[in-house]
1. Give me, ordered by chain and number, the residues 5 or more places off SER188 or on other chains with an amide H under 5 Å from its own placed amide H.
2. Viscosity 1.306 mPa s, temperature 10 °C: Stokes-Einstein D of region 167-283 from its Kirkwood Cα radius, in µm² per second?
3. What is the projected area of the convex hull of the Cα atoms of region 218-354, averaged over all directions, in nm²?
4. Please identify, among HIS192, HIS112, HIS214, the residue showing maximal mean-square fluctuation in a Gaussian network model of the chain using a 10 angstrom Cα cutoff.
5. Which whole-Hz couplings ³J(HN,Hα) result when phi for each residue of region 93-99 is put into the Karplus expression 6.51 cos²θ - 1.76 cosθ + 1.60, θ = phi - 60°, listed in order with x for Gly and Pro?
6. How are the C-alpha pair distances of region 118-181 spread across 5 Å bins, as whole percents from the shortest bin up?
7. Only four residue types carry charge here, +1 at the Cβ of Lys and Arg and -1 at the Cβ of Asp and Glu. Report the dipole size of region 145-246 about the Cα centre in Debye, rounded to the nearest 20.
8. So, R0 is 22 Å and r is the distance between the beta-carbons of SER195 and GLU234; what FRET efficiency does that work out to, to 0.05?
Amino acid sequence: MQAVDRAFALRQRPPMPNPSRAALIDRLPKAELHLHIEGSLEPELLFALAARNGVAIPFASVEEVRAAYSFSNLQDFLDIYYQGMSVLLTEQDFYDLTWAYLERAHADTVRHVEIFFDPQGHTERGVAFETVLNGIERALKDGEARLGISYRLIMCFLRHLSEEDAFATLDQALPHLERIHGVGLDSSEVGHPPSKFQRVFARARELGLHVTAHAGEEGPPEYVREALDLLHVERIDHGNRALEDPALVHHLARDGMTLTVCPLSNLRLCVIKDIAESPVRRMLELGLKATVNSDDPAYFGGYINANFHAVAEALDLTEAEIVRLAENSFTGSFLPMADQIQHLAEIAEVAGDR
Ligand code: HPA
Ligand code: ZN
């Protein structure tokens, strides 16, 4: 066989399960930087909370709920996601939701989480901002004490609503600024560019909050540029479509901008047609600081390790690439440098100890 043919045949070989790589993923310390807490609402908890609160839901069984989780785009998912939130009413509901996520994260050797919540999805239903915040934060504090998981909490603005609405939400957060670490931007992307939220993000930065935004999931590369240039974000959530613009890629690589990629989410929302199309490997090759995250794991079929396993197998990632992804999750976090260094040392210990 000619060398070129041999190389082609090797490239065509289906990815092989690799037990040592899989074990590495299961043991590596990691941070999760892109997780919507409301998207961790498993059907079983949805049913339990519906019963506890006397809320009617349009499903007869857990199986029926799971069958409804078939989406052809982001909006399909968001419609079900906002409907699911209707069972979350009391502080205890938000506690139970967050605690269930932290137990799953702990099982996946997650050491640090920076989670999103969507206050407008609750206040517009008459649930007080404080009820949401108190429940989530109490679970996060328990997670820190009992599971050793540190945290940051990021309040997202729903981009299909107005900037005025976002300002009203920021006002509600003002008495609690020491408990909220950053703001993000989520929900329906196309038609709601980052420029729509330029003033409210400027205010959030003045208040000392970290800033991040979903961009380039379904929206064009220009939205990623706007997030950088107008919102001055510290991270890009998703960022897939940035790869369409080489100058933008250069800019992101030069600045060491973290991209919080969500492989199973991309697959389930038809951002990619096959998990092998995940941009994770390509981003690493281009010198971009990619991370792997679960986004809305109850809806997309897997928590962080499932996302790592899916891309590692489909893209045949090397162990060095997997270690790099775990390192990026800490160096891309809002943790102080000293904490990041400690986590990197722990990664080196696990990676070296095989
Ligand atoms: N994209 C935008 N908004 C969201 C998502 C997402 O993946 N998950 C929850 N809200
Ligand atoms: Zn998201």
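The values are calculated or read from the model by the stated rules, or taken from the named source; none is laboratory data. Keep in mind the model is a prediction, meaning the values are calculated, not measured. Neighbour counts run over all protein chains shown; Cβ positions are idealised from the backbone, glycine included. To get the accessible areas, we keep the full protein, side chains included, count just its heavy atoms, and leave off ligands, DNA and RNA. Shrake-Rupley method; radii C 1.70, N 1.55, O 1.52, S 1.80 Å.
1. Those lying under 5 Å, H to H, from SER188 are ARG159, HIS160.
2. Translational D for this selection: 107 µm²/s.
3. That works out to 8.5 nm².
4. Of the options given, HIS192 has the highest mean-square fluctuation.
5. 4, 5, 5, 4, 4, 5, 5
6. 4, 16, 27, 24, 15, 9, 5, 1
7. Dipole of region 145-246, to the nearest 20 debye: 460 debye.
8. On the way: r = 18 Å, r/R0 = 0.82.
Here the calculated transfer efficiency is 0.75.
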